[in-house]
1. Restricting to the range 110-123, what's the tally of residues that are surrounded by fewer than 18 Cβ atoms within 10 Å (Cβ to Cβ) and either under 14 Å from the mean Cα position of the chain (by Cα) or touching a residue at least 12 places away in the same chain (Cβ under 8 Å) (or both)?
2. Within the set of pairs 6+ apart or on separate chains, which have a first residue in the range 169-186 that is more than 17 Å from residue 89 (Cβ to Cβ) and free of Cβ contacts under 8 Å to residues at least 60 places away in the same chain, a second that is outside any strand (DSSP E or B) and among the hydrophobic types (A, V, I, L, M, F, W, C), and C-beta atoms under 6 Å apart?
3. For the range 83-94, check the following and say yes or no: at least one residue is more than 22 Å from residue 153 (Cβ to Cβ), in contact with a helix residue (DSSP H, G or I) (Cβ under 8 Å, 6 or more places away or on another chain) and not in a loop (DSSP other than H, G, I, E, B).
4. Please specify each residue of the range 101-120 satisfying the condition of being farther than 21 Å from residue 152 by Cβ and not in a loop (DSSP other than H, G, I, E, B).
5. Do we find that residue 85 is at positive phi, in contact with a strand residue (DSSP E or B) (Cβ under 7 Å, 6 or more places away or on another chain) and touching a residue at least 60 places away in the same chain (Cβ under 8 Å) in this structure?
6. How many of the residues in the range 27-40 are assigned to a loop (DSSP other than H, G, I, E, B) and more than 13 Å from residue 59 (Cα to Cα)?
7. So which residues in the range 141-159 are crowded, with 18+ Cβ neighbours inside 10 Å, modelled with pLDDT of 95 or more and in contact with a helix residue (DSSP H, G or I) (Cβ under 7 Å, 6 or more places away or on another chain)?
Amino acid sequence: MHNKLELGAAVVAFGMLAAPAAHAKMQLTSAEVKNGSTIKNEQVFKGFGCTGDNISPSLSWTGAPNGTKSFAISIYDPDAPTGSGWWHWVVFNIPASTTSIAKNAGDVNAKIMPAGAIQSRTDFGSNGYGGPCPPPGDKPHHYHVTVFAVDVDKLPDAQDQNASAALVGFDLHFHTLGKASLVGLYGRPAEKKK
């Protein structure tokens with residue numbers, strides 16, 4: 001009886017050692033955009049009637065899966081009245097050694113983004129970051145900030161800054177190993193009638 005208990009304990013202990021370690025889930029944080037909170041005017045678009053500073057938020061992430069060879073970032077508003085949402089920021093081919101992006105890296109002229117990263121076209125029709133700017137009077141829109149762990153160094157179809165968000169999304173569909181998101185909210189008051 002004693003030997004059977006020892007054997008059973010040894011099998012359980014070995015099973016625990018042999019079991020694969022659980023993968024840490026990716027996590028995304030930002031000093032400027034808190035999950036579920038209102039986005040500050042600093043990150044809001046400047047134009048289309050919006051008077052923000054259009055400064056992209058800083059982002060930091062942890063827990064990338066094994067095999068990650070690059071990262072991508074997007075900010076997407078599914079509430080935009082377009083039938084297809086609105087892409088506010090699309091970045092890809094971020095080197096795998098990167099675990100954070102500095103505030104204002106979305107300004108392509110500032111050249112803050114890590115070497116090799118590509119900021120492609122947003123639905124504003126330009127490259128780089130374009131902040132929230134929903135129609136006046138809409139309920140607050142949900143801005144999904146996502147970092148993707150990618151299994152290739154460079155996306156195969158999205159080649160340069162002219163790549164559309166849809167093309168980048170197509171590549172990411174087939175090459176994402178893991179991802180993490182947070183959601184910021186932003187709405188504008190209705191315009192006063194004259």
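1. First, the residues of the range 110-123 that are surrounded by fewer than 18 Cβ atoms within 10 Å (Cβ to Cβ): 110-112, 114-116.
Add one more test, that the residue is either under 14 Å from the mean Cα position of the chain (by Cα) or touching a residue at least 12 places away in the same chain (Cβ under 8 Å) (or both), and what stays is 114-116.
Total meeting the criteria: 3.
2. 175/152
3. If we filter the range 83-94 for residues that are more than 22 Å from residue 153 (Cβ to Cβ), which is where we start, we get 83-88.
From what's left, in contact with a helix residue (DSSP H, G or I) (Cβ under 8 Å, 6 or more places away or on another chain): 87.
Of the ones still in play, those that are also not in a loop (DSSP other than H, G, I, E, B) are 87.
For the range 83-94, residues more than 22 Å from residue 153 (Cβ to Cβ), in contact with a helix residue (DSSP H, G or I) (Cβ under 8 Å, 6 or more places away or on another chain) and not in a loop (DSSP other than H, G, I, E, B): present.
4. Going through the range 101-120, the residues farther than 21 Å from residue 152 by Cβ turn out to be 102-112.
Matches in the range 101-120: none.
5. On the way: at positive phi: yes; in contact with a strand residue (DSSP E or B) (Cβ under 7 Å, 6 or more places away or on another chain): yes; touching a residue at least 60 places away in the same chain (Cβ under 8 Å): no.
When the stated conditions are applied, residue 85 does not pass them.
6. Filtering the range 27-40 down to residues assigned to a loop (DSSP other than H, G, I, E, B) leaves 30-37, 39-40.
Applying the additional criterion that residues be more than 13 Å from residue 59 (Cα to Cα) yields 36-37, 39-40.
Matching residues across the range 27-40 total 4.
7. Residues satisfying the conditions are 148, 150, 155.
Residue-wise test of (1) at pLDDT below 95; (2) basic (Lys, Arg).
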site	(1), (2)
9	yes, no
17	yes, no
25	yes, yes
31	no, no
35	no, no
71	no, no
78	no, no
101	no, no
112	no, no
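The values are calculated or read from the model by the stated rules, or taken from the named source; none is laboratory data. Note that the coordinates shown come from a computational prediction; the quantities given were computed from them, not determined experimentally. With ideal geometry, Cβ positions are generated from the backbone for all residues, glycine too; neighbour counts draw on all protein chains shown.
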